[in-house]
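The values are calculated or read from the model by the stated rules, or taken from the named source; none is laboratory data. Since the structure is predicted, the reported quantities are computational estimates derived from the model, not experimental observations. Counting neighbours? That spans all protein chains shown, and the Cβs are built from the backbone with ideal geometry, glycine included.
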Amino acid sequence: MKRDATIITSDRSPSKSRIKRLATYVFVLPLLLAALDLTGCSVIKTTYKVIKGTVKGTIWVLKGTYQLTKGTTKLVYYIGKYTFEVIRAPLSYPFTHEELETIDGLPAKEAVRQDRVKNSPYTVKGRHYVPMSLAEAERYEETGVASWYGEETRRKADGHMTANGELFKPRAFTAAHKYLPLPTHVLVTNLSNGRSLVVRVNDRGPFPSEHNPHSGKRIIDLSWGAAKKLGFVSQGLARVRVEAIQLRAA
C-alpha cells in the first residue's frame, strides 16, 4: 500500500489526460481478461465446399477443423450458404438418447470426457453396436427411411448433449446415425421431392422403441431443422438417400 501511495503523491502529478487513460485501463483490462477466460479458447471459423465425386481420404484430413478438439468449446464453419455452429455441452446435460449406456466399455459420459467416441462400440438397452471404420464410412451410401427428432427436447428445462458431447440444437442441420463415425458429414436427399441437404452426423440413433420396434430399421434420424428443410416434418418419415461426402477448404 505504501508503494501505491508514493506513486500517486509523487512530485510529478499526472496530467488529467493520463489519469483518464489509467482509469480506462483499470476498467477495460479486467473486462478483456474476463472475456478471454469465458471463451477458454479461440473460435475456429472456416469455409468448406463439397467435392463432387470421390477423393479418397479428403474428409479425414480435415480432422480438428470441423470437430471439437481438446480445449475447444466452440467452433463455427460454413458449407456453401449454411452455417454450422458446434458447442461443447456441459457433462451435466442429459443425452438426447438417455438409453445410451456405455461407449468403448466406459460409462457413456466418461467416454465423452475422454474423447473416446468417434467410432467406438457402444451399448443401448443391452444391445451392442459396432460403428463402421473410417475407410468404410468414406464409401458409405444407403437408401432407406429417415425420421426426425428434437421437438421433445424443447419442452424440457435442461439442454441436451449428443452422443459425442455436442450441444443438441433442434433447429441446426444435424443427424443421428447408428454406425457412422462421429462427426461425419452426409448428403441427405428426400426422394419424394428431390430436396438435398448436407448435415453433420453427431449423435447415435435411431433405436427401436418399446412401442414401435420397427423404428430401429430407419437409417437416419434428422434434427427438426434438417427435416423441415427437406420438407417432411409433417409426414414424420421420408424415403431418403444418404451419402458420405468429401469436404475441402474453400
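Below is a table of values for the structure above.
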| read-out | value |
| --- | --- |
| Some residue of the stretch 147-162 being at pLDDT 95 or above and part of a loop (DSSP other than H, G, I, E, B) | yes |
| Residue match in the stretch 130-151 (condition: surrounded by 18 or more Cβ atoms within 10 Å (Cβ to Cβ), of a type in the set (Val, Ile, Thr) and touching a residue at least 12 places away in the same chain (Cβ under 8 Å)) | no |
| Extreme residue, nearest to Val76 (Cα to Cα), among residues of the stretch 174-227 that are crowded, with 17+ Cβ neighbours inside 10 Å and acidic (Asp, Glu) | Asp203 |
| The stretch 190-215, subset aliphatic (A, V, I, L, M) and in contact with a Lys or Arg (Cβ under 8 Å, 6 or more places away or on another chain), residue modelled with the highest pLDDT | Leu191 |
